[in-house]
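Novice: Pasting a structure below so you can have a look.
The values are calculated or read from the model by the stated rules, or taken from the named source; none is laboratory data. Since we're looking at a predicted model, the values are computed, not measured. All Cβ positions, glycine included, derive from the backbone under ideal geometry; neighbour counts span all protein chains shown. Remember, those area values only see protein heavy atoms, side chains included, never the ligands or the DNA or RNA. Shrake-Rupley method; radii C 1.70, N 1.55, O 1.52, S 1.80 Å.
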Amino acid sequence: MKPGSDPIGPIGPPMPAPTQPLLCALLRGEAPAWPADPPDVEVFLRDARYHGVMPLLDAHFRTSGSDRHVEDRWPDAIRRACRDDALLQSMRELVYRTELVGVLAELAKAGIAPLILKGAALAHSHYPSPALRPRGDADLLIPESQLHPTAAVLDRLGYTR
């Protein structure tokens with residue numbers, strides 16, 4: 001891995017590339033072949049990482065595994081990178097979940113019941129596994145009247161603004 005890069009998070013802005021139709025087809029559950037005039041493998045991986053779909057691509061490749069042609073149609077480097085990123089995201093998910101459950105428990109002890117929004121909520125409600133929805137934080141909505149008690153709990157837990 002290059003210094004300053006993150007195998008799961010955004011690496012840079014998306015660029016117009018022939019990767020978009022391939023990514024969209026895979027995410028729709030289709031089984032496109034790797035094109036005869038392919039994009040650069042690193043460009044494809046950069047774009048897939050930027051859009052946070054590496055774990056979803058890995059799941060697609062694994063569920064398509066009974067189709068032996070998948071191995072012939074897609075570069076091993078792409079399938080391996082998707083698998084590696086999915087495994088790393090699974091490990092991150094364990095850490096995120098443990099942390100979020102702990103924070104929610106402490107907030108509940110203080111009588112605070114936040115609403116979980118966006119990535120964390122979607123990961124647990126719309127995906128077969130929350131590890132398929134990479135994210136870097138959890139968004140919590142609290143009533144304005146509970147702002148100070150929430151800040152006190154988060155301060156006590158070691159969070160900083």
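Novice: Probe radius 1.4 Å, ligands and nucleic acids ignored: give me the carbon and sulfur share of the accessible area of the range 100-147 as a rounded percent.
Specialist: The computed percentage sits at 62.
Novice: Once you treat every alpha carbon in the range 30-110 as an equal point and sum by Debye, what is log10 I(q)/I(0) at q = 0.11, 0.23 Å⁻¹?
Specialist: -0.40, -1.09
Novice: Need the full-extension length gain, residue 95 to residue 24, defined as separation in residues times 0.36 nm minus the C-alpha distance. One decimal, nm.
Specialist: Taking 0.36 nm per residue and subtracting the Cα distance, the gain is 22.6 nm.
Novice: Using alpha-carbon positions, what is the distance between the centroids of the range 78-123 and the range 24-42, in Å?
Specialist: So the separation of the two Cα centres works out to 30 Å.
Novice: Would you tally the net charge around residue 120, using a Cβ to Cβ cut-off of less than 11 Å, leaving residue 120 out, and scoring K and R as +1, D and E as -1?
Specialist: 0
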